[in-house]
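Inspection log for the structure reproduced underneath, given as structure tokens.
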Amino acid sequence: MKFHALVIGLLLALPAVAQDSRDTAFLTARDAFRAGDRNKLERASSQIGNHELAVYAENYRLRMNFDQGHSAAIRGFLERNERSYVAEKLRADWIRWLGKRAAWGEIDSEYPALIAPEPDVTCWQQQGRLARGDRSVLDEAEKLWLTMLEPPEPCRAVFDAVVAGQRVDADAVWTRARRQVEANRPSWAKTTLNYLPDSQTPDGKALDQALNSAMGYLARQPANWSNSRSGRELAVFAIQRIATNDPRVAADELEKLKPRLQDNEKQWAWGQIGLQAAKRHLPEAVEWFGRAGATRLSDDAYQWKVRAALRAHEWGVVRDTIQAMPPALASLPEWTYWLGRAYRAGGRSTDANALFEKIAGQPNFYGNLADEELGRAIVAPPKAAPPSSDEQKTARENPGLRRSLAFFRLEMRTEAVKEWNWSLRGMSDRELLAAADLAQRNQIWDRAINTADKTKNEHDYSLRFLAPYDDQVRPAARNQSLDDAWVYGLMRQESRFITSAKSNVGASGLMQLMPATAKWVAKKIGLRDFHQGKVNDTEINVLLGTSYMRLVMENLDNHPVLASAAYNAGPGRAKKWRADRPLEGAIYAESIPFSETRDYVKKVLSNAVYYSVLFNGQPDSLKARLGTVNPRSSEPMKDQDLP
């Protein structure tokens, strides 16, 4: 009997052993490819068998043999794996390889099969079309002149053709260079200015001085500096560079120069000073933007002009600026909402409501606010029926999802997420819900959330707003007298509940604690025997994170908007970003200078609304959570060393 039990046990263990050996073979193949070891790659590939990731090993072999000219083998692979992520990436890299060899005919054959071509790959295809005389390429590239400010290497030849085809004049060259200077890409501005005729190209040394030593450059200008366009443009470049450090000094310098500048030069410079002032919340920002007149601004400058006007309660400027934006920018939810608010402030309630209707119902910050402007409660939509057994089976058998799960098993999270996301393309709501359910069953919380987030008509908010670890998180929140919906809203944004998550700046765990913050909080609350190795322990991480949230709240008026901003960017910044007057919480959030923190705060607060709805079974109000932010004060925080 014991012998039979032993045999049965060995038989049951065989599949796991085989899986482990195939996993090992795949990892060996991957490492051999990275090392360029063709023989080792061939040996490992022969041992992979029917592994979920065998297609990746074959992809490695083909990539290593690009220079062997095995185009038939590559085409065969692409046909067998059409529309898969691995085929898309192999085809794109093959086109790059072909482009460097000017194999335009083969590129023409392969490019149409790409599903989401990257800009550099598109430029290789455009180069091929130019080689056969297709001038329509110039029309396509011309549209990117003011937006593709850092073109990939293959795109430079396309832009060269645009200039050679006389599609851009000196004004367009200077406008592009201005955009690059504004975006703090001075080396690219230099490259752009080389498109000017030799007689109009600024002196290289003078350009360097204007960009890198602006005050000194202005002080040492020759008496006739304003006689040429390049002299005047370099002067306003210098003003822009000064403004990035001190807008008020830049304004003083521009006042001295403006009699010798042309209108469009002065207006661009004032717009740049206004932009930098708005990012610093200076009260002069609206006035300086006003001096820019009707000059066309960059998308970034238009948005900051609105934010400055919101903080100043200048609803007319808010209205006029949004209406002057390019249509694609003005149609974004944030500017649709604020234009509605501007209309309402001006007594145009019907027009305002029409705008709110455009974004109401969207499960995001501005969709929530639009709902409340229309008097609608924020609730979760009806819950979709759970996936059927057939729908679950289809998800389990989806080749892309299977490959993703294999990558997760091998702790190759980056590859797993790319494969998972690609596999969702074109899925119906029912398929998305089944995929989200599959992720949840495998405790891959972030993919469950992001997948459920994509449904259009059938929704399951219990998947969109998962609440794992509730036996640890909710008691910890209660112990700190915190709103558990807010805690979950923050965690969802911080880590998507990945306990091993580590940011590129070193934050760790569910609540993404920085090492110094974790150490400080542990000491503050008297946590004994703490060391950095414990920070990814779920219980410790949640204890330290919720303790820090409570301390931040206590130091920042018990205001969740300020506290959310502080959790991401630090309490000193959150305190500094207040205004000299009471500020609507939504305006505070929209005018946060850091784009990451601005997006973070809006998502955390909207998340909290939905968690509250799910936890309590009743509507919640985003406006109530946003409230009013008190004016800034010189009073120090209670914990002055709060990190």
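Every number here is computed from the coordinates shown, using simple stated rules; none is lab data. These numbers were taken from a predicted model, which means no experiment stands behind them. Positions of Cβ are generated from backbone atoms using ideal geometry, with glycine treated the same way; all protein chains shown enter the neighbour counts.
Quick notes
- By other beta-carbon atoms within 10 Å, ranking E106, E233 with the fewest at the front produces E106, E233.
- Relative packing of 550-558, 38-46, 337-345, 590-598, which averages over residues the other C-beta atoms within 10 Å, highest first: 337-345, 550-558, 590-598, 38-46
- Set of segment 145-164 residues, backbone N closer than 15 Å to the point 7 Å along the Cα-Cβ line of E118: 151-155
- Rh (Kirkwood; distinct C-alpha pairs) - segment 428-483, Å: 12.0 Å
- Placing pseudo-labels 7 Å out from each Cα toward the beta carbon at S633 and S46 gives an inter-label distance of 7.8 nm.
- The chain: calculated mean residue ellipticity at 222 nm from DSSP helix runs of at least 4, using -39500 (n - 2.57): -19500 deg cm²/dmol
- Peptides 603-614, 495-506 ranked from most to least packed by the mean count of surrounding Cβ atoms within 10 Å: 603-614, 495-506.
- Computed over segment 539-643, the convex hull of the alpha-carbon atoms projects to a mean area of 7.0 nm².
- Taken as Cα centroids, segment 13-85 and segment 513-533 sit 45 Å apart, rounded to the nearest whole angstrom.
- Hydrophobic long helices, here whole DSSP H runs in the chain with Kyte-Doolittle means of at least -1.0 and Cα atoms spread over 20 Å or more along the helix axis, are found at 2-35, 85-99, 229-245, 538-555, 595-616.
- When only Cα pairs below 8 angstrom with a gap of at least 6 residues are kept, segment 389-459 shows a relative contact order of 29 percent.
- Extension gain, W97 back to Q68 (0.36 nm per residue minus Cα-Cα distance, nm): 9.2 nm
- Globularity ratio of the chain, using Cα Rg and 2.2 N^0.38 Å: 1.12
- Cα centroid separation - segment 343-406 against segment 559-634, whole Å: 21 Å
- Partners for K89 among lysines (Cα-Cα distance below 29 Å; same-chain residues under 8 apart left out): K40, K100, K143, K393, K418, K454, K456, K502
- Per-selection Kirkwood Rh - segment 277-386 (Cα, Å, 1 d.p.): 14.9 Å
- Candidate cross-link partners of K205 among the lysines, defined by an alpha-carbon separation under 22 Å and a same-chain spacing of 8 or more, comprise K190.
- Qualifying trypsin sites (Lys or Arg not before Pro) for segment 209-248 [loop in DSSP, other Cβ within 10 Å: at most 15]: R220
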